[in-house]
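Quick note: the coordinates plus some simple rules give every number you see, no bench work behind them. Being a predicted model, the structure only gives us computed values, none of them experimental. As a convention, Cβ positions derive from the backbone with ideal geometry for all residues, glycine included, and neighbour counts pool all protein chains shown.
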Amino acid sequence: MQVKRQKQRDDTLDGEMRKVDKKLLNNIITAVTDVTQDKRVFKAVQAAKVVDFFSKLRKIWGDWDEYSRRIMALMSNYFENENEKRNM
C-alpha cells in the first residue's frame, strides 16, 4: 500500500512539475516577444524623432533646395579659387 501511495505522489508531483514547466515556458516566450516588440517600438520612436527633427529644420530653414544651391555654389567657387591658386 505504501509503495502504491508513494508512486501516486511521485506521479502527481511529476504531473504538477510539467504544468509548472509549461507555464514558465509560456511566460518566457511572452517575455521574449514583449522585448522584441519593445525594440521595434523603440526603433519606430527614434525614426519618428528623426523625421520630426528634419521637418522642423525644414520649417526653420524654409526652402531647402535654395540653401543647397547656395551651398553648392559657394563650394564650387571655393574649389575654383583653390585650383587657381595651385596653378599659379
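Here are some notes:
This table checks each residue for (1) charged (D, E, K, R); (2) within 21 Å of the chain's Cα centre (by Cα); (3) exposed (fewer than 10 other Cβ atoms within 10 Å of the Cβ); (4) assigned to a helix (DSSP H, G or I).
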| residue | (1), (2), (3), (4) |
| --- | --- |
| Lys23 | yes, no, no, yes |
| Thr30 | no, yes, no, yes |
| Thr33 | no, yes, no, yes |
| Lys43 | yes, yes, no, yes |
| Asp52 | yes, yes, no, yes |
| Leu57 | no, no, no, yes |
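- Matching residues, region 59-85, being of a type outside the set (Asp, Glu) and not in a helix (DSSP H, G or I): Gly62
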